[in-house]
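Notes to accompany the following structure.
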Amino acid sequence: MIRLAKKSKLSPEEAVKRAVKFFGPGGLGMTIKEQSSTCAYFRGVGESYVNVTTCAEGKGSSVEVESREWDKEAKEFMAKIR
């Protein structure tokens, strides 16, 4: 399991949209179990998951990703958002 956090220039809503595009059915193929304007929870096979949580901060947001068995992909996602 890994937990990553970073500040982004993206709004919380845009960060979640990019997470859905990256991890969801059109990206890595994970199932979207929950989604709101500030978070998204994805399930993979077995106990694997990715949880993306955002919070408005200044002119952007803070983005936190927690994953089980998707550590490499979580790092890749965080590297793509600015």
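Listed by first and then second residue, the pairs linking a residue in the stretch 5-29 that is free of Cβ contacts under 8 Å to residues at least 24 places away in the same chain to a residue that is part of a helix (DSSP H, G or I), with Cβ atoms under 6 Å apart and 6 or more places separating them unless they lie on different chains, are Gly27/Lys21. For Glu14, the test of being loosely packed, with under 14 Cβ neighbours inside 10 Å and either within 11 Å of the chain's Cα centre (by Cα) or at pLDDT 95 or above (or both) is failed. Inclusion of Ile81 among residues that are aliphatic (A, V, I, L, M) and modelled with pLDDT of 95 or more is not warranted.
Within the stretch 61-79, residues that are under 18 Å from Gly44 (Cα atoms) reach partners that are among the hydroxyl-bearing types (Ser, Thr, Tyr) and open to solvent by 10 Å² or more (accessible area, probe 1.4 Å) with beta carbons closer than 7 Å, at six or more positions or on different chains, in the pairs Ser67/Tyr49; Arg68/Tyr49. Elements of the type strands (runs of 3 or more DSSP E) sitting completely within the stretch 29-79 and holding at least 3 residues that are among the β-branched types (Val, Ile, Thr) and open to solvent by less than 50 Å² (accessible area, probe 1.4 Å): these cover 49-57.
The values are calculated or read from the model by the stated rules, or taken from the named source; none is laboratory data. Only a predicted model underlies this, so the values are computations on that prediction, with no experimental measurement involved. When we count neighbours, we look across all protein chains shown, and the Cβ atoms used for this are built from the backbone with ideal geometry, even at glycine. Just the protein is used for accessible areas: all its heavy atoms, side chains included, with ligands, DNA and RNA removed. Shrake-Rupley method; radii C 1.70, N 1.55, O 1.52, S 1.80 Å.
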